[in-house]
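The values are calculated or read from the model by the stated rules, or taken from the named source; none is laboratory data. Everything numeric in this text was worked out from a predicted model, so none of it was measured. Cβ coordinates were reconstructed from backbone atoms using ideal geometry, including for glycine residues, and neighbour counts include every protein chain displayed. Side chains included, ligands, DNA and RNA excluded: accessible areas come from the protein's heavy atoms. Shrake-Rupley method; radii C 1.70, N 1.55, O 1.52, S 1.80 Å.
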Amino acid sequence: MAAAGAAGAAALLVAGLTAPAFAAPAPAPSAQVAAPTITLSAGYLSGAVGAVGDAGVTVRVAQAAATGTPLRDAALKVEVIASSNPAVAAPGDVRIDRTRGGRELTVHPRGRGYTELTVRVTGRSGKSATATLGYAASARVSGGAAGTRYLTGSSDASAAVDAGGGYALVADDESNVLRLYDRSRSGAPVKTWDLGAALGVKKEVDIEAAARVGDTVYWTGSLGNNKDGKYKAERNTVFTTKITGSGAATEVTFTAAYKGLREDLIAWDTANGNRYGFAAGTAAGQVPKRIDGFNVEGLEFAPGSTTTAYLGFRAPLAPAVRGGKALIVPVTNIDQVVAKGAKAVFGPGIELDLGGLAIRDIRKNAANQYLILAGSWAADDNTDPYALYSWDGVAGHAPKKRLDLPTTDPGGWEAVVAVPDLRAPGARVQLITDSGSADLYGDGTEAKDLGHPEWKKSRSAWFTLDSVRGGTR
């Protein structure tokens, strides 16, 4: 038939007649395709110059036939076609990989700042759709640490406890939210728990420290005035949560709270001759971050105890003069204080020589080996010195410096996640920063004031401890 048709057409041409036009058959409705669609798992993303393992976003694309039947996404082309600020990240700095969830977009920035990236999907029909990703890159970090990761969703990390399975439960001092993070990855929390309603507060407790005993975690506010020297009742809170499960399966339940520890401490110090000046440090108008201020930032249990907790003070130093000693006050009945509202009972204050620095966190392991994260009592986290000291938890025994920490990173070192075996050569510890006051992206905006949670972040990093002869201290 085809040969006959061709022959007939040839005969018409020979006769000088025009061959009729043969139109291609119209496509069947099922072959017609709609415009593709594109969605991003997040509209905003943060990274860092030179970082390894920055988080990405999932790009989901689809295209359907006229019948509504989805077409294979393998035939869809996904690309970044524009950047509003190529000095931060150009289209060529973006990588798109296929994953089970769609496509994974990651950015390798070349400079600090902000840009908007335009992502386009093009289907077989030539039709396309676009989505915009708001991207922010912080500066390259340096200074003695490995395994840097960024915990997004909050910039003011202030306390952390090990949740097992490579995860950590992290609090911040700007909210009453606990966040569960994978310790090995950058990115958003796996789970969150907002405890504001359970605590009966509308403003932040100013969580600054935590300690875990079994499945119970004790958390404490700073107990001090706010930065303007005003008393805020929410900050005078110590509370407990119960942990069930571990790792990514961790769950958190609020259990109890006590809101009188500040008054108990003042009464105890007053009865003992005002040695530490707690009454003056909490007076109206007194800001907490002074050498003679009042601010709790460490919490851990005494060696072998589940009832005596060590409160570590950022301020005051003892005595309150430059070069003074860091202060720990033991609460010998912390379990009864929080669970039953009993008045706190205190042991003698423990004064430690940390080279003129104060306590920013204190953590121990099951072998009663302690690490003290030491920093200034002052408010400038970005330039003040930091160091790690090991200790055995015994009053009268001196701590030993294990490491000077870099001060060039945005924010201040604020939390020790867990303590390794301090006798092991090359022992490594993970620390987390409070970066709330840092200008992460170079526009003068403090991280805590950024409009998008995805751009708020704290930094975590691993440090190798210097060896110390003569034991764990």
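Filtering the stretch 256-270 to residues that are closer than 17 Å to ASN333 by Cβ and open to solvent by 50 Å² or more (accessible area, probe 1.4 Å) leaves LYS259, GLU263, ALA267.
Go through the stretch 331-355 and give me each residue that's within 15 Å of TYR370 (Cα to Cα) and within 30 Å of the chain's Cα centre (by Cα). Scanning the stretch 331-355 gives LEU352, LEU354. For ALA398, the criteria (1) buried (at least 17 other Cβ atoms within 10 Å of the Cβ); (2) out of contact with any Pro (no Cβ under 9 Å at 6 or more places or on another chain) hold in every case but one, which is (1).
Just the residues that are hydroxyl-bearing (Ser, Thr, Tyr), closer than 19 Å to ALA157 by Cβ and either part of a loop (DSSP other than H, G, I, E, B) or open to solvent by 10 Å² or more (accessible area, probe 1.4 Å) (or both), please, taken from the stretch 195-243. Within the stretch 195-243, TYR218, SER222, THR237 qualify.
Among the residues of the stretch 369-378, are any in contact (Cβ under 8 Å) with a residue 24 or more places away in the chain, surrounded by fewer than 17 Cβ atoms within 10 Å (Cβ to Cβ) and more than 16 Å from ASN295 (Cβ to Cβ)?
No: the stretch 369-378 contains no residue that is in contact (Cβ under 8 Å) with a residue 24 or more places away in the chain, surrounded by fewer than 17 Cβ atoms within 10 Å (Cβ to Cβ) and more than 16 Å from ASN295 (Cβ to Cβ).
Restricting the stretch 296-322 to residues that are in a loop (DSSP other than H, G, I, E, B) and within 32 Å of the chain's Cα centre (by Cα), the residue that is nearest to ALA271 (Cα to Cα) is THR308. Would you mind stating whether ARG423 is farther than 25 Å from VAL49 by Cβ, surrounded by 17 or more Cβ atoms within 10 Å (Cβ to Cβ) and of a type in the set (Lys, Arg)? For ARG423, the condition - farther than 25 Å from VAL49 by Cβ, surrounded by 17 or more Cβ atoms within 10 Å (Cβ to Cβ) and of a type in the set (Lys, Arg) - is not met.
Can you say whether ASP353 is closer than 25 Å to TRP219 by Cβ and of a type in the set (D, E, K, R), as far as the supplied structure shows?
Judged against the criteria, ASP353 is not a match.
Counting only strands (runs of 3 or more DSSP E) that sit wholly inside the stretch 358-419, those with at least 3 residues that are of a type in the set (A, V, I, L, M, F, W, C) and under 15 Å from ASP434 (Cβ atoms) are 412-416.
Restricting to the stretch 326-347, name every residue that is of a type in the set (Lys, Arg) and either outside any loop (DSSP other than H, G, I, E, B) or modelled with pLDDT under 95 (or both).
Once the filter is applied, which keeps residues that are of a type in the set (Lys, Arg) and either outside any loop (DSSP other than H, G, I, E, B) or modelled with pLDDT under 95 (or both), the stretch 326-347 yields only LYS340.
A single member of LYS202, LYS242, LYS191 is at pLDDT below 95 and among the charged types (D, E, K, R), and it is LYS202. Residue count for the stretch 279-314, restricted to those that are touching a helix residue (DSSP H, G or I) at 6+ places or on another chain (Cβ under 7 Å), open to solvent by less than 20 Å² (accessible area, probe 1.4 Å) and closer than 26 Å to TYR370 by Cα: 3.
With respect to the conditions (1) open to solvent by 40 Å² or more (accessible area, probe 1.4 Å); (2) part of a strand (DSSP E or B); (3) over 24 Å from GLY47 (Cβ atoms); (4) not acidic (Asp, Glu), THR192 lacks only one, and its number is (3).
With respect to (1) within 19 Å of LYS448 (Cβ to Cβ); (2) under 16 Å from the mean Cα position of the chain (by Cα), the lone exception for ALA163 is condition (1). When the residues of the stretch 150-185 are filtered to those that are among the hydroxyl-bearing types (Ser, Thr, Tyr) and part of a strand (DSSP E or B), the one that is most open to solvent (accessible area, probe 1.4 Å) is TYR167.
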